[in-house]
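Down below is the structure, laid out as structure tokens.
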Amino acid sequence: MKLLICAQAVDLNDPVLGFFHSWITEISKRCESVHVICLKEGRHALPANVSVHSLGKEHVYRIPYTIYRIRFVQRIRYVFRFWSYIWKLRGEYDSVLVHMNQEYVLLGGKFWWLLGKRIILWRNHKMGSLWTHIAGLFAHKVCYTSPSAYVSSFRNAVKMPIGIDTDFFKPKGTADPRSLLFLGRLDAVKNPDVFLRAMDILRRDGNAAHADVYGDPTPGREDFARKLKADFASLKRVSFHAAVRNSDTPALYNAHAIYVNLTPSGSFDKTIGEAMACGSVVVVANDAVRDAVPPAFLVDVQSVESVAAGLRAALALSDGKRKELASQMREYVVQEHSLALLASRLFALYNPAA
């Protein structure tokens, strides 16, 4: 197979999208050649049969939201570069994978259909629109991981593994049983404020747990992060840290016994699977892992008391029970959500009979 992948970024240093580098590497093992069109290109070390084509965002300084005209011109440039690539490379790919950004399908879908290219759209966001339905019509299959994803009800939707490299994300050493990790964008949707309020309840209860919060805000949303750090600056045994590369996260998971993720149901946050693969016990607000997480560790993000109760339950585990639970969680990821399994099922979808 000769494959074209359309993605947001190819960058090992990207704290959010760095994981996609391993996806491309795994996918390329099953392809004669892979061309990747991305909005932003950064550091990468991909196999020889992979070529990366950037739309050029890495060369553009972030522009204030008030300068709409300049931003509009940038986007027009991206569109024409995209059209140029898919036309120039048209003879070098027979199938297309669009990761997350439905805009690529909206811009290239009709062209790909006319040329007989088989299109798979990967989209896992809880929200959608008319444009999502149009993109879904162009795609032969629409992949998702969370039952709450907007596209899960589409007639051509297929539920997929989340794609964790379980050879890279694996247990190493023993962490302090009182250590908690909160890792992700420092945005309101991730509910770090709820986590910190729950930590304050534990502190007032005399619990000696300590937590590390890793992450930066999405550009343009820095006010929330600044206020968060100011409001909880006096909270003892909680430390704030900058975002880290995805390749550095296994060390963080392994340094903490408990991983906390309060992103609501609707998308299957990959960090949950990464933490489980590394042997961390997880406290989550996501129904997507209901089959693998004990009810006591599934919390209601609308209730600080519920989150605090989940943290207490995880911290109260005996060493033996924690190891048993951590082993079960890793096995779940290996069997149900490994990257190798994802690649195998993905390529099965390129069979016209699928």
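Readers should treat all values here as calculations from the given coordinates under stated rules, not as data from a laboratory. Remember, it's a predicted structure, so these values are computed and weren't measured experimentally. Heads up, the Cβs are rebuilt from the backbone with ideal geometry, glycines too, and the neighbour counts pull from every protein chain shown.
Ranking of Thr145, Thr218 by neighbouring Cβ atoms within 10 Å, starting from the fewest: Thr218, Thr145. Take the Cα of Ala188, go 7 Å toward its beta carbon, and the backbone nitrogen atoms of segment 272-309 under 19 Å from that spot belong to 301-304. For Lys323, the lysines whose Cα comes closer than 20 Å to its Cα, not counting residues fewer than 8 places off in the same chain, are Lys170, Lys172. Across the chain, the longest piece that holds none of the chymotrypsin sites (Phe, Trp or Tyr not before Pro) lying in DSSP loops with up to 16 other C-beta atoms within 10 Å covers 169-354. Here the residues Asp231, Asp94, ranked from fewest to most Cβ neighbours within 10 Å of their Cβ, fall in the order Asp231, Asp94. Here's the picture: charge each Lys and Arg Cβ at +1 and each Asp and Glu Cβ at -1 in the chain, and of Gly42, Ala230, Thr174 the one pushed furthest to the positive end of that dipole is Gly42. Between the residues Val260, Ala277, Gly184, the greatest Cα displacement towards the positive end of the dipole of the chain, with unit charges on the Cβ of Lys, Arg, Asp and Glu, is found for Gly184. With neighbours defined as other Cβ atoms within 10 Å of a residue's Cβ, the residues Met1, Met127, Met160, Met276 order from fewest to most as Met127, Met1, Met160, Met276. Using only Cα atoms and rounding to the nearest 10 degrees, what angle (0 to 90) does helix 222-231 make with the longest principal axis of the chain? Relative to the chain, helix 222-231 is tipped by roughly 10 degrees. Within a straight-line Cα-Cα reach of under 20 Å, Lys227 can be paired with the following lysines, leaving aside sequence neighbours fewer than 8 residues apart in one chain: Lys190, Lys236. Dipole orientation for the chain: of the candidates Tyr214, Ala149, Ile164, Ala149 has the Cα lying most toward the positive pole (charges on Cβ; Lys, Arg +1; Asp, Glu -1). Using 1/(1 + (r/R0)^6) with R0 = 22 angstrom and r between the beta carbons of Asp205 and Glu324, what's the FRET efficiency to the nearest 0.05? Given R0 = 22 Å and the Cβ-Cβ separation, E is 0.25.
Bridging of Lys29 to lysines at a Cα separation below 19 Å is possible for Lys2, once same-chain residues fewer than 8 apart are set aside. Look at where the Cα atoms of segment 222-262 and of segment 79-114 average out, and the two centres are 38 Å apart.
Per-residue ellipticity at 222 nm, computed for the chain from helices alone with -39500 (n - 2.57) per DSSP H run of at least four residues, works out to -11000 deg cm²/dmol. Go ahead and run the numbers for FRET between His59 and Leu115, Cβ-Cβ distance against an R0 of 30 Å, rounding to 0.05. Computed FRET efficiency for His59 and Leu115: 0.50. For segment 179-336, relative contact order (Cα pairs under 8 Å, six or more residues apart, normalised by length) works out to 24 percent.
Only the Cβ atoms of Lys and Arg (+1) and of Asp and Glu (-1) were treated as charged; on that basis the dipole of segment 179-336 about its Cα centre amounts to roughly 400 debye.
Between helix 319-336 and the chain there is an angle of about 10 degrees, using the helix long axis and the longest principal axis of the Cα atoms. Computing FRET efficiency as 1/(1 + (r/R0)^6) for Ser33 and His125, where r is the C-beta to C-beta distance and R0 is 22 Å, gives about 0.15. Here the chain is assigned +1 on the Cβ of each Lys and Arg and -1 on the Cβ of each Asp and Glu. Its dipole about the Cα centre then comes out at about 880 debye.
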